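Student: Got a structure for you, questions after.
The values are calculated or read from the model by the stated rules, or taken from the named source; none is laboratory data. What you are looking at is a predicted structure, and each value in this text was computed from that prediction instead of being measured. Ideal geometry is used to build each Cβ from the backbone, glycine not excepted, and the neighbour counts take in all protein chains shown. These area figures cover heavy atoms from the full protein model, side chains too; ligands, DNA and RNA do not enter into them. Shrake-Rupley method; radii C 1.70, N 1.55, O 1.52, S 1.80 Å.
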Amino acid sequence: MISVKHWISGFSLSLITAVISITGSATTAHALSLVNGITIPANSTDLSSSNTNSANTNRLGFFSDLYYDRYNNVYYSLADRGPGGGVISYNPRVQKFSLDVDQNTGAISNFQLLDTILFTQNGQNFNGLNPGILNGNASVLGRSFDPEGFAIAPNGNFYVSDEYGPSVYEFSQTGSFIRAFNTPSNLIPRQSDGTINYVDGRPTISTGRQDNRGFEGVTLSPDGSRLFAMLQDPLVNEGSPDGRRSRNLRIVEFDTNTGNSTAQYLYQLESLADINARVADNTFGANSQGRNIGISSITALNNNEFLILERDNRGIGVDDPTGAIPVASKRIYKIDLTGATNVADISLTGTNNLPDGVTPVSKTLFADIAEFLRNAGQPIPEKFEGLAIGPQLVDGSYALIVGTDNDFSVTQNGDNVQFDVCTDGTNFSQVPIDSGCPTGQSLIPTFVYAFKGSPQELAGFVPPQRVPEPTTTAALVLMAASSFFVKRQFKSMQK
């Protein structure tokens, strides 16, 4: 059983107040409040079969994405490509779990892991190793898989987006591969000679998605007919001199019936000037706009409106275990596709500006997560990557659940040697992977937070549709027989 504790003080993981409420903050959007949070220790293990406990076999990893299945009151979360940045063999998986949500306050508690589902194709596991290592060829994607976005189709199948491709796959509920969607050609990473290269970054690749900046999030329209996959950052070639200096990243719309892309829209990241104004003494460089700032999740409100998690790369994590560097951006934005230009056939190569006649998606601030945590006196994790609209509460509001990715508390050096990251909140250590932390230190945990959104704030929310489970022939026969028996009994009573 996994031990879960409420909030944290430094990294002592001491139990403190389980529920706090923060409302009325001057720069907070509308009637949203932070309710509470829990921590999940990083040495927790999942439910995959393993003879030994180790980081790359069964260490519990969260929350590269987060999805709430309201029809079964369970949650799903991805563990991306595993520890080690794609150089350690790891079988990608999705974790299924439950959370208790207080129907009055929206407070979360009682995390329970229910299942660990591995992704497979023809009986063989997908693997988190990058294509060059797994397949011996950087241009062959194969079963190299870095799952970052998750949604459930109306029939219960899984849609999962991947950073390596970037790709979108459909899996059965047991994790078995069904099909791949057709990735638009302008997103596929290529060298200047046209050769596909799924491994290297700039300047080796000159067009397509940036390395490690593929489809970071995926969501469905409520009726399940359209799927939206979102790149983490701009394309490598769309910016001046490259995508690292651009604000313009792409949302890709797919037809779930055909698997073909039907449109692309531009989402503009918050400007670097506005971000730097919040961290005047530790500003980001000009080449950080489209690299160190990016999106982590997309969640549909209805057919045209979405919630987007946008963040910087600062905060408590494997690169900054004690949170020494000031955080600039951990925010949820609300966007609307209405009136946005389909830019599927429009290139932004060599420019950081929008071409004439191109309208991006509209965007408004929904919640400033970093501000909420500062006001609560809580540390700010680096990787907010999971966002889900949870259960509706008795007053008509909704619980919003946000989760962080702790990278399995594993980092690596320039020679791809892996280390566990341990800290007590003040000091930290890097130790050989699976060797255990020094006394008084522990691995960086995962955090889950509950927010409460008013009925007004989420007035446009349309829950996703779900096709009823098919009724078996035996059940139909039984239902018919039961109906016949009831009718006979009713007629007998009338005599």
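Student: Relative contact order (percent) for the chain, with alpha-carbon contacts under 8 angstrom and 6 or more residues of separation?
Tutor: Details: 1323 pairs, mean separation 80.6, N = 495.
Value for the chain: 16 percent.
Student: Sticking with this structure for a sec: Across the stretch 340-354, in residue order, what do the Karplus-derived ³J(HN,Hα) couplings come to in whole Hz, using 6.51 cos²θ - 1.76 cosθ + 1.60 with θ = phi - 60° and x for Gly and Pro?
Tutor: So the Karplus estimates, Gly and Pro as x, are 6, 7, 6, 9, 4, 10, 10, 9, 10, 4, x, 9, 9, 9, 7 Hz.
Student: Hey, another quick one. Using modelled backbone amide H atoms (1.01 Å from N, in-plane), which distant-in-sequence or interchain residues come within less than 5 Å of VAL74's amide H?
Tutor: ASP69
Student: Shifting gears a bit: Taking θ = phi - 60°, what integer Hz values does the Karplus form 6.51 cos²θ - 1.76 cosθ + 1.60 yield along the stretch 376-381, in sequence order, with x for Gly and Pro?
Tutor: So the Karplus estimates, Gly and Pro as x, are 8, x, 10, x, 10, x Hz.
Student: Skipping prolines and chain starts, which residues have an amide H placed within reach, meaning under 5 Å, of the one on VAL35, given they are 5 or more residues away or on another chain?
Tutor: ALA450, PHE451, LYS452
Student: Output ³J(HN,Hα) for the stretch 174-185: one whole-Hz value per residue in order, computed from phi by the Karplus curve 6.51 cos²θ - 1.76 cosθ + 1.60 with θ = phi - 60°, and x for Gly and Pro.
Tutor: Karplus-based 3J(HN,Hα) across the stretch 174-185 equals 9, x, 7, 4, 10, 6, 10, 6, 8, 6, x, 5 Hz.
Student: Here's a follow-up. 5 Å is the cut-off here: which amide hydrogens, built 1.01 Å from N in the peptide plane, fall below it relative to THR120, excluding neighbours closer than 5 in sequence?
Tutor: Those lying under 5 Å, H to H, from THR120 are PHE126, SER176, PHE177.
Student: Another question, then. For the chain, what is the accessible area per residue in Å², given a 1.4 Å probe and the full set of protein chains?
Tutor: Accessible area per residue, the chain: 40 Å².
Student: What are the extents of the Cα atoms of the chain along their three principal axes, in Å, largest first?
Tutor: 89, 54, 52
Student: Where nothing but the Cβ of Lys and Arg (+1) and of Asp and Glu (-1) is charged, how large is the charge dipole of the chain around its Cα centre, in debye to the nearest 20?
Tutor: The dipole magnitude comes to about 1340 debye.
Student: Now for a separate question. If I compute solvent accessible area with a 1.4 Å probe over the protein chains, what percent of it on the chain is carbon and sulfur?
Tutor: 48 percent
Student: Take the cross-link list LYS96/LYS330; LYS96/LYS383; LYS96/LYS334 and give me the ones stretching past 23 Å between alpha-carbons.
Tutor: The answer is LYS96/LYS330; LYS96/LYS334.
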